[in-house]
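Here's the structure we're looking at; comments come further down.
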Amino acid sequence: MKGFNESQKPKSSRERSRACSYCSSSDHVANVCSNAESDWKSLNKGILPHTEKSWWGHKGVPNARYKTVWYSRPEYWSDWYKQCHKASIMIDKRKAREEVKSKSTAKGKSVAKKCGFCAGTGHNRRDCAELDNISEQIVLENRRWRSRFFKRYVVDMGLSVGAVVQVERNVGYNKEPQLLTGLITQTNMEKLSMFCMIGSYSNAPESLRQPMSIDFISNGKPYKVKLTDHRDKNSWSGSLHDNAGLLVNEFDRFGGGYSNQSATLKSVIAKSSEPVDPTWITQGHRESVVWLTKKYSLAKLESYGVLKLLEKLKKDNDKFDKINETS
Ligand SMILES: [Zn+2]
Ligand SMILES: [Zn+2]
């Protein structure tokens, strides 16, 4: 899931994006910014704070370059005023929220416990049976999805890293596609799960989608390869199925839809023999499920179609087991 992947990025890049929108400091956000609070007290009275020109520099506020511009260039003073006003509103709102919260805690036990996941009362998400149940189901079906994916993509098609394949690339309207032979150099297998089944036309938010990414190199030039099988031979997003149903509904491309570094798999010339870590299947991408149930309530998962997807996957997985039993 794109959202989960995003949450796994190293802290520094996330913190940078959470810097204070007023003073640019990375230690806090604007609704607790003491610089904004004290500046506003002054600006609100029509008095420009920090009359010493070098104030910001001496204060040592990290990344405060913008504000230096504000102070030293009077043409930006109105921006300064606007930004400070905006921050002061955020500060007031945060204080109001805190007050409401402290009042309701003061009332104490009269406030019934309510679960943030299933909205039931008398328990919270830590002891929510519904949350445990859904999480276990997702992990289980993910595990079954991964073993199907493994069979189809790695064993049958032999497409892991190192496979030699031929791909087809559109070079223009009404022209014969160009054929390229090369190597698969990388895939994003560690990120793949049942969420690969979500297509671009679903109600699910972007954060739940998980396209598959296949990197290919030919004559020193990199491409992204999509697979298409089944009835949707010409689908721009590609697809991968096995004999029980859909596995992947979307592949990463280079740039836009007709980018010339996007290609479609034509045939496998030499299968890859790269081993796959067996825990990839057994752990069922559990850590992403923890993220999912923390981020979205049961009602949200329902409205995004995740519960339906789970139901469909369970049916496909059962079908797959049945086919394999009899063959
Ligand atoms: Zn600040
Ligand atoms: Zn609950």
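Brief remarks on what is shown
- Within region 25-64, tally of residues that are closer than 21 Å to Met90 by Cβ, at pLDDT 55 or above and away from ligand 1 (no atom under 11 Å from the Cβ): 8
- Exactly one residue among Lys93, Lys86, Lys151 is surrounded by 14 or more Cβ atoms within 10 Å (Cβ to Cβ), at pLDDT 90 or above, of a type in the set (Lys, Arg) and not assigned by TED's automatic domain parsing to the domain that holds Thr293, and that residue is Lys86.
- Every residue from region 186-202 that is more than 17 Å from Leu313 (Cβ to Cβ) and at pLDDT below 90: Ser200, Tyr201
- When residues of region 285-305 are limited to those that are closer than 20 Å to Ser202 by Cα and of a type in the set (Phe, Trp, Tyr), the one surrounded by the fewest Cβ atoms within 10 Å (Cβ to Cβ): Tyr304
- In region 142-152 there is no residue matching the filter, namely being more than 23 Å from Trp236 (Cα to Cα), without any contact (Cβ under 8 Å) to a residue 40 or more places away in the chain, away from ligand 2 (no atom under 16 Å from the Cβ) and in contact with a helix residue (DSSP H, G or I) (Cβ under 6 Å, 6 or more places away or on another chain).
- Selection status of Lys67, within 16 Å of ligand 1 (Cβ to nearest atom), assigned to a helix (DSSP H, G or I), at pLDDT below 85 and charged (D, E, K, R): yes
- Among all positions in region 92-112, there is at least one residue which is more than 16 Å from ligand 2 (Cβ to nearest atom) and either touching a residue at least 12 places away in the same chain (Cβ under 8 Å) or touching a Gly at 6+ places or on another chain (Cβ under 6 Å) (or both).
- Region 260-317, residues that are of a type in the set (Val, Ile, Thr) and out of contact with any helix residue (DSSP H, G or I) (no Cβ under 8 Å at 6 or more places or on another chain): Thr264, Val268, Ile269, Thr279
- The lone criterion from (1) within 30 Å of Ala204 (Cα to Cα); (2) among the small types (Gly, Ala, Ser); (3) modelled with pLDDT under 80 left unmet by Ser72 is number (1).
- Hey, Leu183 out of contact with any Pro (no Cβ under 9 Å at 6 or more places or on another chain) and at pLDDT 95 or above or not: yes
- Taken over region 119-148, the criterion of being within 23 Å of the chain's Cα centre (by Cα) and of a type in the set (A, V, I, L, M) is satisfied by Leu131, Ile134, Ile138, Val139, Leu140.
The values are calculated or read from the model by the stated rules, or taken from the named source; none is laboratory data. None of the values given here were measured: they were computed from a predicted structure. Glycine gets a Cβ as well: all are built from the backbone with ideal geometry, and neighbour counts include every protein chain shown.
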